[in-house]
Amino acid sequence: MHELSVAQEILGIVDQYLPNPVPNSVKFVKINVGKLANILTDSLTFCYEALTEGTALAGSKLQITELPVKILCVRCNKESEIDPLIFACPVCGNNQIKIISGTELRVDEIELDDEIEPVSENQIRDKE
Ligand SMILES: [Zn+2]
């Protein structure tokens, strides 16, 4: 299952940012997921909970923020967010567009009981 490997990658990143041994005070792991990242968020949450069960991260929650899809029009050169996902320029109607964001998947922040650990160098993937 695709979401299982994504959950494993998320935990790998979380491990890198937490002290060793991992404290059991983690409340939230916040991730950003583009709407085109092809992730089933329910399934990812399920995998995260299954993988953290019985570990120091048990009880922590995966908080998923969906990021909009942005396109760049090849004809009029305007950037637009598209929602719903109609792949044409809302300014001029042209359908020759480039997707400039919306496929990313990143760990954003790890929230512990008493502090927030910002995560950088966190890109899991950012496919074309
Ligand atoms: Zn346009």
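Hey, what's the per residue convex hull volume over the C-alpha atoms of the chain, in cubic angstrom?
Values: hull volume 14.2 nm³, N = 128.
Expressed per residue, the convex hull around the Cα atoms of the chain is 111 Å³.
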Compute the acute angle (0 to 90°) between the alpha-carbon long axis of helix 41-52 and the principal axis of greatest extent of the alpha-carbon atoms of the chain; round to the nearest 10°. 20
With a 1.4 Å probe and every protein chain kept in, tell me what percent of the accessible surface of the chain is carbon plus sulfur. 47
Protein-only accessible surface order, largest first, of Ser60, Ser120, Ser101 at 1.4 Å: Ser120, Ser101, Ser60
Write down the accessible area per residue of the chain in Å², having rolled a 1.4 Å probe over the full set of protein chains. 59
Given +1 on the Cβ of Lys and Arg, -1 on the Cβ of Asp and Glu, and no further charges, what dipole in debye does the chain carry about its Cα centre, rounded to the nearest 20? 760
For the chain, take the longest principal axis of its alpha carbons; what is the angle in degrees between that and the long axis of helix 2-17, to the nearest 10 within 0 to 90? 60
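Within the stretch 72-108, report the trypsin sites (Lys or Arg not before Pro) that DSSP leaves as loop and that have at most 16 other Cβ atoms within 10 Å.
Sparse-neighbourhood loop trypsin sites (Lys or Arg not before Pro): Arg75, Lys78.
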Lysines within cross-link reach of Lys70: Cα-Cα under 18 Å, excluding same-chain residues under 8 positions apart? Lys35, Lys78, Lys98, Lys127
Which of Ile64, Val22, Tyr48 sits farthest toward the positive end of the charge dipole of the chain, with +1 on the Cβ of Lys and Arg and -1 on the Cβ of Asp and Glu? Ile64
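Show that you can apply the helix-only estimate: for the chain, add -39,500 (n - 2.57) for every DSSP H stretch of four or more residues, divide by all residues, and state [θ] at 222 nm to the nearest 500.
Working: 2 runs with 28 residues, N = 128.
Helix-only estimate at 222 nm: -7000 deg cm²/dmol.
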Suppose a student asked you for the relative contact order of the chain, using Cα pairs under 8 Å spaced at least 6 residues apart; what percent would you report? 29
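Treating the beta-carbon of each Lys and Arg as +1 and of each Asp and Glu as -1, no other charges, what is the dipole magnitude of the stretch 52-112 about its Cα centre, to the nearest 20 debye?
On the way: 6 positive and 9 negative charges, 90 e Å.
Its charge dipole is roughly 440 debye.
The values are calculated or read from the model by the stated rules, or taken from the named source; none is laboratory data. Everything quoted here is computed from the prediction, not taken from an experiment. In this analysis, Cβ positions are derived from the backbone assuming ideal geometry, glycine residues included, and neighbour counts consider all displayed protein chains. Protein only, heavy atoms only, side chains kept; ligands, DNA and RNA dropped before computing areas. Shrake-Rupley method; radii C 1.70, N 1.55, O 1.52, S 1.80 Å.
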